[in-house]
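A short reminder: the numbers here are calculations on the coordinates, not readings from a lab. Small disclaimer: the values here were computed from a predicted structure and weren't measured. Because the Cβ atoms are built from the backbone with ideal geometry, glycine has one as well, and the counts that use them run over all protein chains shown.
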Amino acid sequence: MSTQPAIKGKTWCFGDGISTDLLSPGQYAVDSLEVRKMHTLESVDPGFATGVQLGDVVVAGRDFGCGSSRETAPENLKELGVACVVADSFSRLFLRNAVAIGLPVLPCPGVSDAFSTGSDIEVDLATGDVHNLGSGTVLHGEPLPESMRRILNAGGMLAVLKSDGLRALA
Amino acid sequence: MGMTLAEKILARASGKDRVAAGEFVVAKVDLAMTHDIFAHQVFDHLVDAGITEVFDQEHTVIVMDHLVPPSTTAAAEQHKRIRDHVASFGIENFYEAGGGICHQLLPERGHVWPGMLVVGTDSHTTTHGALGAASTGIGTSEMSYALATGTLWFRVPETIRFDLEGTLGEGVAWKDVVLWIAGKFGTDVAQYRSIEFAGPSAAQVSVSSRLTICNMAVEMGAKFGMFAPDEVTAQYLAGLEDSGVVEGWEKRYAEKLVEADPDASYLAVHKVPLSEIGPQVALPHQVDNVVPVADAVGTVIQQAFIGSCTNGRLEDLAAAAAVLKGRQVHPRVRLIVAPASRWVFQEALRQGIIQTLADAGASVLPAGCGPCFGGHGGLMAAGERCIGTHNRNFVGRMGSAMAEIFLASPETVAASAIAGHIADPRELAAATTPAASQQGTREEDIVYATSHQG
């Protein structure tokens, strides 16, 4: 597979149990992506959706994305310009959906203690290395299995559907 | 080394003799379900990819359940788009708005059978493990892929077993048991894993209650939550034939039937001592923030909700009605009841359950998901509290991010609706005297701090 350059950006930090109800609130379920994404995480940080910049990185605690199957949760983050989510751990469905829509994610136990909002971070998805460029701390995350990274690199499941399917994984 | 239920099903579905936890497989999907929050997107993706038919008409199910009846013009437009897709793809298993919640309809209408590999665009698709299926939630892009190809990738999960032992006490529901498990073991105990609910007392659990328990498996992170098919399962499926819903149940029951090998490998086996479990309440804002009801008694509520894919079944409405019979909902409480399906509503009507609930002061909504997912039909203002039979108490789940949600059994929710504050259904007589409903309320002194402040 192709090697990808490390992701560098500013962090936005959140705690444990950031649910899909926070990432994509139910009352905006039928709204357009443009409307819906502006409510991302508003209950915990009302300034996030307007303040986040292209290439920023979300850092969070345990069980990130717990709750619903709503793919709008990773989609909102991706559409706001988030380059990657690094969390102590992820909910299964969020992890799967993020890969399915092409949003890079990296489980990295301890990451929530190593960063505060506005830190400079560098993430290498292939090795799992997470670098706090301010403090010099380096953590080692758990890179996704190659079969999942292949879907991610293809741009998600719809891109896979339009190309050669999952035959390569079988 | 033998295989677990999850391994057996994924091995069969991927055409292998055996698979082991950790392995990635591409498996054939046996049943695919999507609902009105996502179906339009799923089919838009298919159209965009040039796909004109689904992999298997018999095993594709579309349900209108979340936005019913349409709560906004946008919701009505979304439904219209879905109906257009349903017509152009010729979808046969289409349940119109008002028919019920997908996780009630799949088992009620005979779509789920033991040993199936089931996917749905809803996290609570784990519910169908109640009938011995490996059943899990996926997103819309993956559903488009599954409907186009009939296949999807899976990582074979490790399995945790919870052995049910002993007997449930009076006034205690199986919802209390699954809340107790979540409270004791945490919301990520089964992350990426499969759960088998087993043990000597599994045979005491009705299919209705198995659906409740497996529904909540996802609240512990689980990919699958399953009961091995047994006599209870067989009787339920035979009953579907008796009522004219399915034909040839015995053949379909046996077709994909699997059982876990005696030497299967489990990541952990935990005992669940049923006789030690009383009514439980999950406090805001995490499903594992569970306490015995005594620790929450007195917390003033403004809304009580009985319904959802967790606890909106006939058994649940009957349990609530037994508590509410001859009593009145507290004047400051809104009791909202949403039957899980039209069939549940009709049966509850026929049995006088709806009459009892309405006489007590309940508002009965059409069958659907409205209040539970925070869509419509029971949203809350800042500072309000709801106790409900549903599955999630996250910040912002039911309207205001400053509202608080408590989760409990139908019995506890009904008792609380009468008392005006959280109440133990076993102590209902005391709680309904006027004096008691004034005493012991702690509106001001309980603060359920959020753990989400990053």
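Listed values, structure above:
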{"item": "Among beta bridges that DSSP assigns inside chain B, antiparallel share in %, nearest 5", "result": "20"}
{"item": "Compactness index (Cα Rg / 2.2 N^0.38 Å), the protein assembly as shown", "result": "0.92"}
{"item": "Förster-model FRET efficiency, 41 Å R0, B:Glu165 and B:Gln57, C-beta, rounded to 0.05", "result": "0.40"}
{"item": "Stokes-Einstein translational diffusion, the range A:7-143 - Kirkwood Rh over all Cα pairs, 1.567 mPa s, 4 °C, in µm²/s", "result": "90"}
{"item": "Normalised per residue, the volume of the convex hull around the Cα set of the range B:1-81 (Å³)", "result": "141"}
{"item": "Base-10 log of normalised Debye intensity for the range B:164-233 (one unit scatterer per alpha-carbon) at q = 0.26 Å⁻¹", "result": "-1.28"}
{"item": "Cα-derived Rg over Rh, computed across the range B:76-224 with Rh taken as Kirkwood radius", "result": "1.01"}
{"item": "Separation between Cα centres of the range B:181-235 and the range B:44-100, rounded to whole Å", "result": "30"}
{"item": "Hull-based mean projected area of chain B, where the convex hull spans the alpha carbons, in square nanometres", "result": "21.0"}
{"item": "Cleavage-rule hits, GluC sites (Glu not before Pro), the range B:184-258, DSSP coil, Cβ neighbours within 10 Å at most 12", "result": "B:Glu247"}
{"item": "Among B:Cys369, B:Thr412, B:Gly396 - extreme Cα towards positive end, dipole of chain B, charges at beta-carbon", "result": "B:Gly396"}
{"item": "Shielding of A:57-68 by partner chains, average beta-carbon count, 10 Å", "result": "4"}
{"item": "Furthest towards positive pole of dipole, B:Thr73, B:Val63, B:Ile51, structure part the range B:30-88, Cβ charges", "result": "B:Thr73"}
{"item": "Protection proxy ranking, peptides B:130-136, A:40-46, average beta carbon neighbours within 10 Å, highest first", "result": "B:130-136, A:40-46"}
{"item": "The range B:140-180 versus the range B:335-363: alpha-carbon centroid distance in Å", "result": "28"}
{"item": "Normalised alpha carbon radius of gyration of the range B:153-297 [divisor 2.2 N^0.38 Å]", "result": "1.12"}
{"item": "Estimated Rh, the range B:280-438: Kirkwood, alpha-carbon pairs, angstrom", "result": "15.0"}
{"item": "Added length on full extension, which subtracts the Cα-Cα distance from 0.36 nm per residue, B:Ala268 to B:Glu241", "result": "6.0 nm"}
{"item": "Spacing of the two label points (7 Å from each Cα toward its C-beta) at B:Lys16 and B:Glu77, in nm", "result": "4.6"}
{"item": "Test item: Cα-centred dipole of the range A:7-143, Lys/Arg +1 and Asp/Glu -1 on Cβ, debye", "result": "200"}
{"item": "The protein assembly as shown: antiparallel DSSP beta bridges as a percent of all, rounded to 5", "result": "25"}
{"item": "Calculated SAXS-style log₁₀ I(q)/I(0) at q = 0.12, 0.13 Å⁻¹ - the range B:5-273, Debye, Cα scatterers", "result": "-0.72, -0.84"}
{"item": "Under 11 Å, Cβ to Cβ, from B:Gly199 - net charge with Lys/Arg +1 and Asp/Glu -1", "result": "-1"}
{"item": "Span from the the range A:95-111 Cα centroid across to the the range B:276-331 one, whole angstrom", "result": "36"}
